[in-house]
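Take a look at the structure set out below.
The values are calculated or read from the model by the stated rules, or taken from the named source; none is laboratory data. From a predicted model like this one, the values you see are computed outputs, not experimental measurements. FYI the Cβ positions are ideal-geometry reconstructions off the backbone, even for glycines, and counts take in every protein chain you see. All accessible areas refer to the heavy atoms of the entire protein, side chains included, with ligands and DNA or RNA removed. Shrake-Rupley method; radii C 1.70, N 1.55, O 1.52, S 1.80 Å.
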Amino acid sequence: MFEVVIGLEVHVQLNTKTKLFCSCPTSFNHKQNTNTCPTCLALPGALPVLNKEVVHKSIMLGTALDATINRVSYFDRKSYFYPDSPSAYQITQLYTPIVEHGKLQIDFEDGSNKTIRVNRAHIEADAGKNIHDGDISKVDLNRAGTPLLEIVSEPDLRSAEEAILYLKKLHSIIRYIDIGDANMQEGSFRVDVNVSIRPKGDEKLYTRVEIKNINSFKFIQKAIEVEVSRQVEAWEDGTYDEEIVQETRLFDQVKQETRSMRGKEEAADYRYFPEPDLLKCEVTDEMMEKYTKIPELPDAKKERFVSEYGMNQYNASVITSSVEMANFFETMMAEDGVSAKTATTWLTVELQARLKGDVNIMNSPVDAKKLGFLVKRIDDKTISGKAAKEVLDHLMENEAVSVDDAIDTLGLKQVTDTGAIEAMCDEIINANQDKVEQYKAGKEKLFGFFVGQVMKASKGSANPQAVNEILKAKLG
Amino acid sequence: MITLKEALTLNKDELNKFKDELRNKIEANKDLNAYIDVNSVGEGVPIAIKDNIQVKDWSITSGSKILQGYIAPYNATVIKKLLDNGLSPFGRVNMDEFAMGSTTESSFYGKTQNPHASDRVPGGSSGGSAAAVGAGLAIAALGSDTGGSIRQPAAFCGIVGMKPTYGRVSRYGLGAYASSLDQIGPMTQNVEDAAILYDIISGSDEKDSTNAGRDDKVIPNLDATRKLTIAVLPKYVENASQDIKDAYAKAIEALKAAGHTIVEREMMDAKYDISAYYITATAEATTNLARYDGIRYGNRVEGKNLEETFYNTRSEGFGDEVKRRILLGNFVLSSGYYEAYYVKAQKTRHIIKDEYAKIFEDVDLILSPVAPTVAPRFGELANPMDMYLSDIYTISVNLAGLPALSLPITKNSEGMPVGLQLIAKAYDEQTLFDGALSLEREVAYKA
């Protein structure tokens, strides 16, 4: 039997206003080569100046990962020629990174958990983009010099499932402390996977294969699975030594296989050495004081939801998996008389089902306050759950309308006035004496008929519970 | 030639007239080949600019073929400071390609002559700057000094050249050779002019992270009457030529006559300086020059594919000495050699720094040769090793980051100037200029 050994390297683009070493904006979707300056174009004589905001966000990540934050770290040059790297070296932190020795807990569905060690997180500059257009290649340097944190795990992960849990947790933490957008499609959360196998019980690490830049959790899982199969098959066929070499492979999403990108014989020598244009990166006492105070993390929030709102672990973890959802939920709960259970259903089921296309939880026409109020109206029995769905549909279409106005407009207010319900019940009983006889003779199934008739008469606005009680009393 | 101090008193009309005459003089002395071209910016006192300091809208090429066609889109911090203080960039002057050389022979624009002998080199790499000032074709110039590139040509051409403490003058806009060693400095006709120009170009600059952020000035307190303790290095001087030894002895007598206290000190063998310097400088240079790939600017030579374009561009764009240093730098940084070379060189650098610090515990200044000989004839330093060894007296100052000033002391029997340097502790430019002014007055060198 084999054991799978996985280590992950995640490049997170930080959401700073300006680039890592110059004051160019980091914003996306601008015209090519407009967010550039002598420094990020590597013109002769231009020099880098460290953006302190990057240091601040690194401290926040280090705190979230319960890591050592190095009060002094250094930058190094990593040399390689490529058109999207204007200076032909990347400024990174090889020898002393700003964050080291962190940890991250992953939670399994059965309630157990595991701690994954984080080796380091270091600051480095992103490259630009090469755009290949037939015979011509174009270079866009808008992204060149955007700050990245490369977060490197220890090879502690033992399955594709664990890898995904780690990535989702890390993603969630980054969003919670808001140091990056972490959008995989836009490339602000890029994952490289290192995979090897070994016979169970063996402590040695075997040849690791790197799979680069896979842009969804689903494909990462698949890429790991097919790479593990490839390695296991090679081992079993006795071709492991020839076929499994230390190399970088690409995951082909169509063919569902990994493919060699560049071989070992072409392995680059990056000729690292300390960056002489920058001084040491110092974390001051003031920075520590200020930036180790980070927002509540997903795990803490989950536990708080369980104890504060009496939610079950599962619901709490669903709600806290995304910071936007958790914040939305808490805003809903701020309304008096809202139960966590109803709020959870209406957020995760009803609202989610109505978010389509470009509409998401952040720009939903029904915001957290409004949905909270709607839940309150369900909980205080002003409307039935069924009626609330109609109200929510109406509100999604009419952003300016309040919950109560929508209920009025749609005429969905529940009738809880027992006098009115009694009158309706009497009317139905009188008009159906034959059925009353049958019911009294023992055909109890007919009770549903009476309830239905009353509800129909009230056009659905009668409180069904009240109708039940009154009918029971009258029919004996 | 009028001094910088005098020129700063001229009115606009006088300056314009002066600049017209200067242009004519430069044109009449084309053989010297100090200037690459004579553009000007602004209406201030003209200052010649080394071809590696960015002047907006000028072609700035670091003396290299690879940067032909490149137009600088921004001003270096020192250029901004010149313009803010009534000075004008006026003509760019020749240099060794990417400041790698001691003779200005490696320039794409051809050799520059020594103004004192047309068959001799002006020194390098700031040879154009030194020759222009030495020939009376510039009031003053800016140079850059990575391992002696201001002080050595100043000594060869009989002018004053000063390298500030590392971090005193912003490097923003200086085409980098070796980032941890490079400093821009003044090259002038006399010590006081050097102090004036130094005061203008030095100071804090947030665009250069290695800038020390100090804004103190020298001129307000310039005082040649201070009595200083000055170290001499008898053993160190033994390897120099007789011309240099004679000038050294003369300078010692002059300093004594001026009332300074002379003490003898020793320094370790300069062969370690050479190794530490050429490893550090080439490691930094190889990465600093990697940006010249023909993709974004400069002189691209197309190939069949990307790799060939890189290869062709750099093969045709760089000269031999630059290629040699790129190769050396790549070698010392390559996997498996990094510890043995680069790391060791940094340790040596610390030892050199400590050695200077120890001397400066009870000494104000050190008197040292600048070069082992007077300016050599063209081709004499064609062997790279001979050229590297000619740097022995200047490079430790860069490795230790100290300020130093080269000034002319005397001429040898052939009429070639001999310069010596004073070295001060870090950020003590005040004492450096005070002592240099005193020595200059005492030796009364005649150009």
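In degrees between 0 and 90, to the nearest 10, how far off the longest principal axis of chain A does helix A:323-333 point, with axes built from Cα atoms? Rounded to the nearest ten degrees, it is 30. Among the residues of A:34-41, the average count of other protein chain beta-carbon atoms within 10 Å of the residue beta-carbon is 2.
Would you please name the GluC sites (Glu not before Pro) within the range A:254-328 that are DSSP coil residues with at most 16 other C-beta atoms within 10 Å of their C-beta?
Numbers: sites: A:GLU257, A:GLU265, A:GLU266, A:GLU282, A:GLU286, A:GLU289, A:GLU296, A:GLU303, A:GLU308, A:GLU324; in loops: A:GLU296.
Hits after loop and neighbour filter: A:GLU296.
Applying the criteria of a DSSP loop state and at most 10 other Cβ atoms within 10 Å to the chymotrypsin sites (Phe, Trp or Tyr not before Pro) of the range A:22-99 yields no site. Amide hydrogen proximity for A:PHE2: with H placed 1.01 Å from N in the peptide plane, the residues at 5 or more positions away or on another chain lying under 5 Å are A:LYS200. Spatial offset of the range B:288-342 relative to the range A:101-162 amounts to 30 Å, using the alpha carbon center of each. Simple point charges give the picture: +1 on the Cβ of Lys and Arg, -1 on the Cβ of Asp and Glu, and for the range B:310-447 a dipole about the Cα centre of about 440 debye.
What Kirkwood hydrodynamic radius do you get for the range B:220-345 when you take the inverse of the mean 1/r over all pairs of distinct Cα atoms, in Å? Can you show the working numbers first?
Numbers: mean 1/r = 0.0528 Å⁻¹.
Over the range B:220-345, the inverse of the mean reciprocal pair distance is 18.9 Å.
Note on chain B: with a GNM built from Cα contacts shorter than 10 Å, the maximum mean-square fluctuation among B:ASP428, B:ASP386, B:ASP246 falls on B:ASP386. Model label sites at B:ASN412 and A:LEU279, defined 7 Å from Cα along the beta-carbon direction, differ in position by 4.4 nm. What the phi angles of the range A:451-457 give under the Karplus curve with 6.51, -1.76 and 1.60, with θ = phi - 60°, is a coupling list of 4, x, 5, 5, 4, 4, 4 Hz, glycine and proline written as x.
Run the numbers on the range B:91-180 and let me know its relative contact order in percent, using alpha-carbon pairs under 8 Å that are six or more apart. Display every interim value, and only then the final one.
Values: 168 pairs, mean separation 22.2, N = 90.
Reported relative contact order: 25 percent.
With respect to chain A, whose longest principal axis is taken over its alpha-carbon atoms, helix A:464-475 is tilted by about 20°. Note on chain B: GNM, Cα springs under 10 Å; of B:THR229, B:THR165, B:THR394, the largest mean-square fluctuation is that of B:THR229.
Contact order, relative form, for the range A:317-430: 23 percent (alpha carbon pairs under 8 Å, 6 or more residues apart, mean separation divided by residue count).
Among the listed pairs B:LYS56/B:LYS111; B:LYS256/B:LYS353; B:LYS65/B:LYS271; B:LYS5/B:LYS50; A:LYS280/B:LYS56; A:LYS369/A:LYS459, which are separated by more than 24 Å between their Cα atoms?
Working: B:LYS56/B:LYS111 26 Å; B:LYS256/B:LYS353 27 Å; B:LYS65/B:LYS271 33 Å; B:LYS5/B:LYS50 21 Å; A:LYS280/B:LYS56 31 Å; A:LYS369/A:LYS459 29 Å.
Too far apart for the 24 Å limit: B:LYS56/B:LYS111; B:LYS256/B:LYS353; B:LYS65/B:LYS271; A:LYS280/B:LYS56; A:LYS369/A:LYS459.
Modelled this way, with points 7 Å down the Cα-to-C-beta line, the labels at A:MET396 and A:LYS445 are 3.7 nm from one another.
Let me check against my output: what whole-number percent is the relative contact order of the range A:1-129, with C-alpha pairs under 8 Å and at least 6 apart?
19
For chain A, the longest principal axis of the alpha carbon atoms and the long axis of helix A:52-64 meet at an angle near 60°. Shape verdict for the range A:164-311, please, from the Cα gyration tensor: rounded (a/c under 1.5), prolate (a/b greater than b/c) or oblate. Oblate, because a/c is 1.5 or more while a/b does not exceed b/c. Take each residue in A:273-282, count the other chain C-beta atoms within 10 Å of its C-beta, and the mean is 5.
Taking H as built 1.01 Å from N, whose amide H comes closer than 5 Å to the amide H of B:ILE47, not counting residues under 5 places away? Long-range HN contacts for B:ILE47: B:SER88, B:PHE90. Build a GNM of chain B with springs between Cα atoms under 10 Å apart, and of B:THR261, B:THR280, B:THR112 the one that fluctuates most is B:THR261.
Backbone geometry of the range B:383-397 corresponds, through the Karplus equation with coefficients 6.51, -1.76 and 1.60 at θ = phi - 60°, to 3J(HN,Hα) couplings of 6, x, 5, 4, 5, 4, 5, 6, 8, 3, 8, 9, 6, 5, 5 Hz, x marking Gly and Pro. The GluC sites (Glu not before Pro) of the range B:272-308 that DSSP puts in a loop, and whose beta carbon has at most 11 other beta carbons within 10 Å, are B:GLU302. Counted over chain B, the DSSP beta bridges are approximately 70% antiparallel. For the listed peptides B:128-141, A:97-110, a ranking on the average number of other beta carbons within 10 Å per residue, highest first, reads B:128-141, A:97-110.
Can you compute the FRET efficiency between B:ASN85 and B:PHE331 using 1/(1 + (r/R0)^6), with r the Cβ-Cβ distance and R0 = 35 Å? Round to the nearest 0.05. Efficiency, from the Cβ-Cβ distance: 0.20.
Ignoring ligands, DNA and RNA, what percent of the 1.4 Å accessible area of chain A is carbon and sulfur?
On the way: 11120 of 22640 Å².
So the carbon and sulfur contribution to the accessible surface is 49 percent.
Here's how it looks for B:ALA258: its modeled amide H is under 5 Å from none belonging to a residue 5 or more places away or on a different chain.
Accessible surface computed residue by residue for chain B, with neighbouring protein chains in place and a 1.4 Å probe, gives 35 Å² per residue. Can you send over the solvent-accessible area of B:LYS207, 1.4 Å probe, protein chains only, in Å² to the nearest 10? Rounded to the nearest 10, the figure is 100 Å².
With the simple model of a label 7 Å out from the Cα in the direction of the Cβ, A:GLU225 to B:THR225 spans 9.1 nm. Couplings 3J(HN,Hα) of the range A:127-144, computed from phi: 8, x, 10, 9, 10, 9, 9, x, 7, 9, 10, 10, 10, 10, 9, 4, 7, 4 Hz, in residue order, whole Hz [Karplus 6.51 cos²θ - 1.76 cosθ + 1.60, θ = phi - 60°; x for Gly and Pro].
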